[in-house]
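Right, one structure below, let's go through it.
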Amino acid sequence: MLEKVAWMNMLFDFYGVLLTERQKDYMDLYYCQNLSLAEIAVEFNVTRQAVYDTLKRAEHVLSQYEEKLGLVTKSTAERNKLTAAAAILEECENMENGGSVQQARKIIEEVLAAIEHCGIAVF
């Protein structure tokens, strides 16, 4: 369950602005603030089933966006590359190791190229 919550939170972070206001509200309360279906239903004066249905539709929509655009997957891959580069550079901090520095530079260049390809401004 924790994996699903983390995944939904990532999808919501990336694509949440594309949901309806009601879907955003329910997703925030359920996944981010950990309210139950019953608590959300009381707050919005609807049934638990209505909350459940809205959440399921929102989850489906978010999953569809990720399937088509893949932004969460790409972001995770790029974050992993940067983490690997940081670890390599940390190893090199106290010793001269040109091969590791070149490897770190290559990883960083790949990430920067991917960012530029997506049209994201790099400052």
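Below is a table of values for the structure above.
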quantity: Out-of-range pairs (alpha-carbon distance over 20 Å; input Lys4/Lys56; Lys4/Lys81; Lys24/Lys74); calculated: Lys4/Lys81; Lys24/Lys74
quantity: With Cα atoms, 0 to 90° folded angle of helix 71-92 axis to the chain main axis; calculated: 30
quantity: Rounded FRET efficiency, nearest 0.05, which uses the C-beta distance separating Arg79 from Gln49 and R0 of 35 Å; calculated: 0.40
quantity: (i) 41, 16, 10; (ii) 26, 13, 11; (iii) 24, 18, 15, with the label sought being that of the calculated semi-axes √(5λ) of the Cα gyration tensor in Å; calculated: (i)
quantity: Within-12-Å neighbourhood charge of Asn80 [Cβ basis; K, R +1; D, E -1]; calculated: +1
quantity: Max mean-square fluctuation residue, GNM over the chain, Cα-Cα springs under 10 Å, options Val101, Val61, Val72; calculated: Val101
quantity: For region 29-83: rounded, prolate or oblate by the Cα gyration tensor [a/c cutoff 1.5]; calculated: oblate
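Coordinate-derived values only; no laboratory data. Just so it is clear, the structure is predicted and the values come from calculations on it, not from any experiment. Note that we place each Cβ from the backbone using ideal geometry, even for glycine, and neighbour counts take in every protein chain shown.
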